[in-house]
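Worksheet for the structure shown next.
The values are calculated or read from the model by the stated rules, or taken from the named source; none is laboratory data. Given the structure is predicted, the values throughout are model-derived calculations rather than measurements. Cβ placement follows ideal geometry from the backbone for every residue including glycine, while neighbour counts extend to all protein chains displayed. The accessibility values were calculated without ligands, DNA or RNA, using every heavy atom of the protein model including side chains. Shrake-Rupley method; radii C 1.70, N 1.55, O 1.52, S 1.80 Å.
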Amino acid sequence: MSLTRQEIDSQPQCWEHALKQLSDHTQVLPAKGERVAVIGCGTSLFMAQAYAHLREDLGHGPTDAFPASAARLDRPYDRILALTRSGTTTEVLSALGTAPSATRLTTITAVPRSPAARAADDVIILDHADEGSVVQTRYPTTQLVLLLAHLGHDVEQALTDVRTALSTPLDQRLLAAEQITFLGECWHTGLAHEAALKVREAAAHWTESYSVMEYRHGPIAVAGPGRAVWSLSPLPAELAARIEATGAHLRRPQLDPLAELVLAQRLAVRRAEDAGRDPDRPAHLTRSVVLA
């Protein structure tokens, strides 16, 4: 079994451990009413997008998610929240270095004493969820579970459904699909982007991702026989009918969206193995992007 698959399988325990530690981190996570910027790269950006959308939806305050390379931190934020597994990503460190001195900096990372941890006023270390694989799976979901629980979002269904996601047989139509498009609505959109990224990273397979309502504005043209559309959010009946009319296989959500993401992680590993690729060490990727 690949290291990535072992890390995927450990997510229920990682999530539960993080939730037990939530009270230890409450004082350094964004308080209700704060204006917050969340920064990250790649997977961390998609987790930032999901968190930012839900934080605003739940009335906790204005929240913007930025790629660290394009963060507009000169705006009047009360707190900047940096998400970075390694704590060494060049763009994150650069953004933290340009943050206004009056703005509180909080870093969530897997690596104690990393540069991003040293640059922050407050640090949350999730080293129990760190990974040996290049491809991130359990770390970002553990991080997001912690953030969602802090917002008061109920994660019990995710904790129940993740075990189903880890044990249910993979859909052969998804394993055989020439192309897969992932869809999500509201905060699930970031999870859809992450699901598509997992399959691209691990298996080098053609995937796309969109918000549900934007999908009909052009991207649906890609759908067709031998391809698949996987939605992490419920679909309007009219859109579902249009997708099915293309001949593409449509997977509607059956589990909590976080559990659907875990199922997509499993699909990514299986497709990589079927293609003769190493899911732990995909070509052209490194654990952290460190630029000269």
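Assorted remarks:
- Largest-first principal axis extents, alpha carbons of the range 19-172, Å: 50, 34, 31
- In this rough spin-label picture, where each label sits 7 Å from Cα along the Cβ direction, the Ala31-Val222 distance is 4.4 nm.
- Counting only protein heavy atoms and using a 1.4 Å probe, the accessible area of Asp127 comes to about 90 Å².
- Rounded to the nearest Hz, the phi-derived 3J(HN,Hα) couplings of the range 81-96 under the Karplus curve 6.51 cos²θ - 1.76 cosθ + 1.60 (θ = phi - 60°) are 10, 9, 10, 7, 4, 7, x, 10, 4, 4, 5, 5, 5, 5, 5, 4, where x marks glycine and proline.
- Each principal axis of the Cα cloud of the range 1-96 was taken in turn, and the coordinate range along them, longest first, works out to 47, 30, 22 Å.
- Whole-number D in µm² s⁻¹ for the range 79-169, Kirkwood Cα-pair radius fed into Stokes-Einstein, 10 °C, 1.306 mPa s: 110
- At full extension, Val290 and Asp122 could sit 58.2 nm farther apart than now, given 0.36 nm per residue minus the alpha carbon distance.
- For Thr181, distant residues with modelled amide H under 5 Å away: Glu208, Ala228, Val229, Trp230
- Note on Leu58 and Met213: their simple-model spin labels are 2.3 nm apart, each label 7 Å out from Cα toward Cβ.
- Estimated from helical segments only, the mean residue ellipticity of the chain at 222 nm is -12500 deg cm²/dmol, where each DSSP H run of four or more residues counts as -39500 (n - 2.57).
- The charge dipole of the range 69-189, taken about its Cα centre with unit charges on the Cβ of Lys, Arg, Asp and Glu (plus for the first two, minus for the last two), comes to roughly 320 debye.
- Coupling constants for the range 13-21 follow from the phi torsions by the Karplus curve (6.51 cos²θ - 1.76 cosθ + 1.60, θ = phi - 60°), and in residue order they are 5, 5, 5, 5, 5, 5, 5, 5, 8 Hz; glycine and proline get x.
- Each label was represented as a point 7 Å from its Cα along the Cα-to-Cβ direction; for Thr168 and Ala275 these points are 2.4 nm apart.
- The 3J(HN,Hα) values that the Karplus relation (6.51, -1.76, 1.60; θ = phi - 60°) gives for the range 197-206 are, in residue order, 5, 4, 5, 5, 5, 6, 10, 6, 9, 6 Hz. Gly and Pro appear as x.
- For the chain, the alpha carbon convex hull comes to 127 Å³ per residue, rounded to a whole number.
- Full extension of the chain between Arg75 and Leu22 gives 16.2 nm of extra length, using 0.36 nm per residue less the Cα-Cα distance.
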